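The values are calculated or read from the model by the stated rules, or taken from the named source; none is laboratory data. For clarity, every value in this text was computed on a predicted model and none was experimentally measured. Positions of Cβ are backbone-derived with ideal geometry, glycine not excepted, and every protein chain shown enters the neighbour counts.
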Amino acid sequence: MSSDHTLPSQGGITLLEKANSALSTDFCPWANKYVYWLKNPVTILSLAIVGSVLCGVFLNPLVFLITGLLVLVTGVGVVLPWIAVRGITCQVFFDIPRTQVGAAARVRLRVTNKWPIPVWGLSLIRGFALNTGADGDEGVALARVPGWSTVEYSWAFTPRRRGLYPNETATVETGFPFGLIRAQKEATVEGSLIVWPECVRLDGMPDTSESQNTEEQLSDRRTGDFGDMMGTRPFRPGDSLRRVHWAQTARQQTMIVTERQAPALTSVRVVLDVAADSFEFEFSDSVFELCVSTAASVCDSLHRQHSRVELILGRDVYVAGDSSVAFHRLMDAVAVADRTADQWRQPPSRTQFEIRVTTAAGAIAGCPRQVVVGEDSPSAWITVRNPQDLRERFPGEWRRLCHAS
């Protein structure tokens, strides 16, 4: 089988790579600050105007026609965007108050044009970018806003980072018609959008026999692993083998498990280490974000399984029981958590089940349940090395250590 197309040789590819490198390398970075002003189109047009004036004076007066055309283009390109943004007001608001990383939330932009002439080329550039201070593509571009009208636009914003949005002042800009300058107008924001960290589902509860303050408070409305036997049922994937009723299993020739009373309230303390000295190493930003996602996964899963969650964040304590309002307050605090020098440094509790999420640098010797993020540690209960570990290996390790399989 033959073909008319042949692949370039390895030598040809190497030559192309070298040529590309030579053409894209900045050989004089020290000179950038002296020549970057040439990138501004207004500067180029100004130089062209000066050149045409000189040519008109010394060579031919007809060149002044070009001068007039250049002045007209520059004036329209500078003045029209400036006028347009002073005739509009913008409002940003959200359909929901909170969402999660990767989950879309609808954002609305309402633009009121007070001028009789339409406004073209508007775009919302700041407030939703991944990195603050940079223009992002997470906003919306508007083709045309008619004169004397109010137009509302909406789009599905999918956040890629936790936090509070807008993450900086929301700004609308336009460069119509020539893009010579970009006139900007700040938008007013009604409410805010809180983005929770990415969470993974963790099935299984920690061994509640260590929660001494709750193991005698049993509920006859919920099934669990303690108290009197409430009945039997067929085995379901995820049930502990310790709950198998062997006599009934032999009689029925299928796996049968027992259902007992559950604690009315299981309390678990989660400590999220946000101490600055625990993250003084390379790639500390990504490890900190992984710590936050890990702690959020633990809190979310425990609350979903009707546990009372007590979160230690810095020197603040957030408690979430059955109330969804308290849980939202807890997760909102995790969503905006940042590193601090003022971290709760109490030794592990002996009377309460405690899970500590930290790094190898912040691990405490003798703490029995530490989820160490980033690097391995001899004190680790579970190790989460990277985001893939969090999604794939961590749930299985959690189930194993909680005796849920």
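Odds and ends about this structure:
- Considering only residues in segment 1-34 that are loosely packed, with under 10 Cβ neighbours inside 10 Å and among the acidic types (Asp, Glu), the one that is modelled with the highest pLDDT turns out to be Asp26.
- Residue, farthest from the chain's Cα centre (by Cα), within segment 281-323, restricted to residues that are of a type in the set (A, V, I, L, M, F, W, C) and closer than 15 Å to Arg385 by Cβ: Phe281
- Any chance Trp120 is of a type in the set (A, V, I, L, M, F, W, C) and within 29 Å of Ile44 (Cα to Cα): yes
- Count - residues of segment 380-392 that are in a loop (DSSP other than H, G, I, E, B) and touching a Ser or Thr at 6+ places or on another chain (Cβ under 9 Å): 1
- On inspection, Arg308 does not qualify as surrounded by fewer than 22 Cβ atoms within 10 Å (Cβ to Cβ), not hydroxyl-bearing (Ser, Thr, Tyr) and not assigned by TED's automatic domain parsing to the domain that holds Ala360.
- Annotation: of all residues in segment 85-111 being of a type in the set (Val, Ile, Thr) and not in a loop (DSSP other than H, G, I, E, B), the one that is farthest from Thr188 (Cα to Cα) is Thr99.
- Matching option when the condition is surrounded by fewer than 18 Cβ atoms within 10 Å (Cβ to Cβ), of a type in the set (Asp, Glu) and farther than 20 Å from Ala363 by Cα, among Glu280, Glu259: Glu259
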